[in-house]
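The values are calculated or read from the model by the stated rules, or taken from the named source; none is laboratory data. In this text the structure is predicted, and so the values were computed from the model without any measurement. Positions of Cβ are generated from backbone atoms using ideal geometry, with glycine treated the same way; all protein chains shown enter the neighbour counts.
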Amino acid sequence: MDLLGRVDAGGGGDWSARTGHDSARPISTMVRGCAARRYYGLGSGRTREATTVTTWVNVINYVRSRYEVLEESDTWLRFRLDTEGGRTQQVAVHHVTDAAGAAWLEISSAVGRADAVDHARLLELAGTSLIGGAAVVDGVALLKHTVPLKDLDDLGVREEFERPLTMLVASADAFEHELTAADHF
């Protein structure tokens, strides 16, 4: 398996033809599909429909296919999005769990160095934003928003992750421009 989770056909031949699986699909999708068919008895005469569940790997693959990933680990990604006026904005997505063990995605985007930003004005601006809240983490002022990972199916990744992501990035970039007159993040 490569870094994108694609299966290496190995041994020659056409992997897709031999197995019925598309080797370009992430392994998590194939495994999830097989597990869902087994769990729900699909193909055994039952008509119960399987529900897809998004995993952290699906989110990683979604981001990698759309954005320039700058840095990553097992639990977070940092990537860059283009914004208006030739500006760019960095974003971090962390895979976190709450006290009950439920998985969440924490999306954050920097506004500026905390010691260089008017905190009262940042809070006023954050109050006008539909999503996200202002925070200071490791000396960086930023906007943060969280979404539950379990609620993200294929449509949910677009609606419950991409949409808040782009809204948060637009706000963070506008706040950075107003508060610092720069494009450092």
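Restricting attention to region 94-124, and to residues there that are of a type in the set (D, E, K, R) and within 17 Å of residue 146 (Cβ to Cβ), which single residue is surrounded by the most Cβ atoms within 10 Å (Cβ to Cβ)? Of everything passing the filter in region 94-124, 106 is surrounded by the most Cβ atoms within 10 Å (Cβ to Cβ). With respect to (1) free of Cβ contacts under 8 Å to residues at least 60 places away in the same chain; (2) under 19 Å from residue 75 (Cα atoms), the lone exception for residue 120 is condition (2). List the number of the failed condition for residue 155; all other conditions in (1) within 16 Å of residue 63 (Cα to Cα); (2) at pLDDT 90 or above hold. Among (1) within 16 Å of residue 63 (Cα to Cα); (2) at pLDDT 90 or above, residue 155 violates only (2). Just to be sure, is residue 138 in the same structural domain as residue 89 (by TED's automatic domain parsing), surrounded by fewer than 18 Cβ atoms within 10 Å (Cβ to Cβ), modelled with pLDDT of 90 or more and acidic (Asp, Glu)? Yes, satisfied. Of everything listed in (1) at pLDDT 90 or above; (2) assigned to a helix (DSSP H, G or I); (3) not small (Gly, Ala, Ser), the single unmet condition for residue 89 is (2).
Per this entry, residue 183 is not counted among residues that are within 17 Å of residue 78 (Cα to Cα), among the acidic types (Asp, Glu) and not in a loop (DSSP other than H, G, I, E, B). Scan region 124-148 for residues that are touching a Ser or Thr at 6+ places or on another chain (Cβ under 9 Å), part of a helix (DSSP H, G or I) and farther than 17 Å from residue 180 by Cβ and the total you get is 1.
Residue 128 passes every criterion in (1) touching a residue at least 24 places away in the same chain (Cβ under 8 Å); (2) β-branched (Val, Ile, Thr); (3) closer than 20 Å to residue 163 by Cβ apart from (1).
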